[in-house]
Amino acid sequence: MSQRLHDKVAVITGGTSGIGEATASLFVAEGAQVVICGRSEEKGQRLASTLGDRCRFVTADVLIEADIERTLNFAVETFGGLDILFNNAGGPTHGLVDAVAREAIVYATDLLFASAALGMKHAIPHFRQRGGGVIINNSSVAAIRDNQGDLIYSAVKAALTHYSKLSAVRLGPENIRVNTISPGAIATPIFWGGSARANTLSDEENDKKMAKLEANLAKATPLSRSGVAADIAQGALYLASADGSFVNGHDLVIDGGRVNMFHEAPA
């Protein structure tokens, strides 16, 4: 490995499976010290043990601001500072225009938007102590065009993308870069209920579901293959490393060209 993140300290939310897991593995391989957080202690501790001494796990729920702050403080106390925050945690939401529940709006906003905004808030003081830092917020192609995801999910992800761009302008003078990644058809457990659901299944059951999902998603991109978590991890590495040092306020779409395909509007 090229060690593109040598001695950098990163926090990855939702780091126990899918995109978070793949990014944590890549960041450690590239020389970073990584703190992952999530609600599944069993999976988190197992992954941290697999990745070695440069990875730690914190049990945390990003719906709770104190948990977010505690995770970031743990990274600083354990590894001496903070350089990278990947706000990756998320999950499915549901809502129809003519049948949306207020509770669904609040939940989606808290999970997909507030968790990232609050993570940024608590990371900024630590970045200032280092003379700069990198924030990556995981958005979605659903934020860009219709028929890519649930209505509420799409709208809240669009808000996150816009918030990130505005934040990039305000934080840029302090050498704090803010970018988003917008994944397309990426095969992750979110498609069958998120990481919480995946945690209840055996490895064999998850593998079978993943193989079927990848085959189906391959039909939805011009490249005729499904995106996988490692594709997003590589994008995060680029944005987090010196290679992306002049990239700020950008939404990096990683979707195999999916958003350029024609799709009929939903009935």
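Where a number appears in this text, it was derived from the coordinates with a stated rule and is not lab data. What you are looking at is a predicted structure, and each value in this text was computed from that prediction instead of being measured. Reconstructed Cβ throughout: ideal geometry from the backbone, glycine too, with neighbour counts over all protein chains shown.
Computed 3J(HN,Hα) for region 70-84, one whole-Hz value per residue from the Karplus formula 6.51 cos²θ - 1.76 cosθ + 1.60 where θ = phi - 60°, is 5, 5, 5, 5, 4, 4, 5, 5, 7, 10, x, x, 9, 10, 9, glycine and proline marked x.
Computed over the alpha-carbon pairs of the chain, the distance histogram in 10 Å steps reads 7, 31, 38, 19, 4, 0 percent, short to long. Suppose only helical runs count, i.e. DSSP H with n ≥ 4. What mean residue ellipticity at 222 nm does that imply for the chain under -39500 (n - 2.57) per run, divided by all residues and rounded to the nearest 500 deg cm²/dmol? Calculated from helices alone, the mean residue ellipticity at 222 nm is -13500 deg cm²/dmol. Note: relative contact order over the chain, using C-alpha pairs below 8 Å and six or more positions apart, is 19 percent. For region 124-137, 3J(HN,Hα) computed residue by residue from phi via the Karplus equation (6.51, -1.76, 1.60; θ = phi - 60°) reads 4, x, 5, 4, 4, 5, 9, x, x, x, 10, 10, 10, 10 Hz, glycine and proline entered as x. Taking a sphere under 10 Å around the Cβ of Arg39 and counting the other residues whose Cβ falls inside, with K and R at +1 and D and E at -1, yields a net charge of -2. Rg then Dmax, both in Å and based on the Cα atoms of region 23-143: 15.5, 51.
Can you tally the net charge around Ser224? Count Lys and Arg as +1, Asp and Glu as -1, for every other residue whose Cβ sits under 13 Å from the Cβ of Ser224.
Numbers: positive: Lys219, Arg225, Arg258; negative: Glu214.
Local net charge: +2.
Add +1 for every Lys or Arg and -1 for every Asp or Glu among the other residues with Cβ under 11 Å from the Cβ of Leu118, and state the total. It would help to have the intermediate numbers written out before the result.
Values: positive: Lys121; negative: Glu65, Asp67, Glu69, Asp110.
Local net charge: -3.
Cross-link reach is defined here as a Cα-Cα straight distance under 30 Å, omitting same-chain residues fewer than 8 places apart; for Lys208 the lysines meeting it are Lys43, Lys157, Lys219. Highest average first, the peptides 250-261, 114-125 ordered by how many other beta carbon atoms sit within 10 Å of their residues are 114-125, 250-261.
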